Amino acid sequence: MQNPITKAGAALAIALLPLVTACSGDQDSETGPVQTREEATLTLATALSEDRSLGTVLDAMQDSGLSGVLEGSASYTILAPNDAAFTALGDQGSELLEEDQQAILIAILRDHLLPGHLTPESITNAIKSQGGPVTMTTLGGTSVTFSKSSDGITVSTGGASSATLVGTAIAANNGVVIPIDAVLLPPRDD
């Protein structure tokens, strides 16, 4: 009789195979304007600090107490809103960084974190392999959908908000930092 854990492990491996296959393999020259720079000696925190356009999200991660993710050994992909993305939020962006808004900020930041090591190239390959948009779940439990548009690769949160991958992604030793041009916000209850 087979061990039930072995059966469950095999079932999980089979279920994840399409995503792993889609996110591996040769890099495609048609990934769009975003490319990945490999920096295997950097942590996510160092990678964020080296990109001057990502200072606000780095400060937000540190202030929210999520900086352990940036220095830990587990692998994460950060969809990192650039400073212009926070500025575009106006007063709402400034308010998010205030101490009394920390719980909301943590929830928003968790929706910018994906488990694993995803590069723009692997996301593009997954979109091509699937023949269209690819959906993943963030650490905050929100589904984000990656798709190809005329502007490059976009990521959206079910119609609530969307962003385009911009700049140069950095592959660190514990994940990948992918700059985006907007903060992914949850739908507002009006």
Report the residue count in region 154-188 for those that are in contact with a helix residue (DSSP H, G or I) (Cβ under 8 Å, 6 or more places away or on another chain) and assigned to a loop (DSSP other than H, G, I, E, B).
8
Regarding region 6-26, can at least one residue be identified that is in a helix (DSSP H, G or I), modelled with pLDDT under 65, in contact with a helix residue (DSSP H, G or I) (Cβ under 6 Å, 6 or more places away or on another chain) and under 24 Å from residue 163 (Cα atoms)?
yes
Is one or more of the residues making up region 169-187 surrounded by fewer than 16 Cβ atoms within 10 Å (Cβ to Cβ) and among the acidic types (Asp, Glu)?
no
Residues satisfying the stated conditions in region 61-78, i.e. in a helix (DSSP H, G or I) and out of contact with any strand residue (DSSP E or B) (no Cβ under 9 Å at 6 or more places or on another chain)
62, 63, 64, 67, 68, 71
Out of the residues in region 101-129 meeting the condition of being over 23 Å from residue 75 (Cα atoms) and at pLDDT below 95, tell me which one is surrounded by the fewest Cβ atoms within 10 Å (Cβ to Cβ).
103
Region 145-155: number of residues that are over 21 Å from residue 58 (Cα atoms) and surrounded by 20 or more Cβ atoms within 10 Å (Cβ to Cβ)
2
Checking the structure you have, find out if any residue of region 131-149 is part of a helix (DSSP H, G or I) and either of a type outside the set (D, E, K, R) or at pLDDT below 95 (or both).
no
Between a first residue in region 131-143 that is farther than 14 Å from residue 112 by Cα and surrounded by 12 or more Cβ atoms within 10 Å (Cβ to Cβ) and a second residue that is of a type in the set (Val, Ile, Thr) and at pLDDT 95 or above, which pairs have beta carbons less than 9 Å apart while being 6 or more apart in sequence or on different chains?
133/127; 133/145; 134/123; 134/127; 134/145
Residue under evaluation residue 127, criteria (1) assigned to a strand (DSSP E or B); (2) in contact with a Pro (Cβ under 9 Å, 6 or more places away or on another chain), criterion not met:
(1)
Scanning region 79-95 for residues that are crowded, with 20+ Cβ neighbours inside 10 Å and in contact with a helix residue (DSSP H, G or I) (Cβ under 6 Å, 6 or more places away or on another chain), the one modelled with the lowest pLDDT turns out to be 86
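Among the residues of region 142-153, how many are over 19 Å from residue 81 (Cβ atoms) and out of contact with any helix residue (DSSP H, G or I) (no Cβ under 6 Å at 6 or more places or on another chain)?
Counting residues in region 142-153 that are over 19 Å from residue 81 (Cβ atoms) and out of contact with any helix residue (DSSP H, G or I) (no Cβ under 6 Å at 6 or more places or on another chain) gives 1.
The values are calculated or read from the model by the stated rules, or taken from the named source; none is laboratory data. Nothing here was measured: the structure is a model prediction, and the numbers come from that model. Note that we place each Cβ from the backbone using ideal geometry, even for glycine, and neighbour counts take in every protein chain shown.
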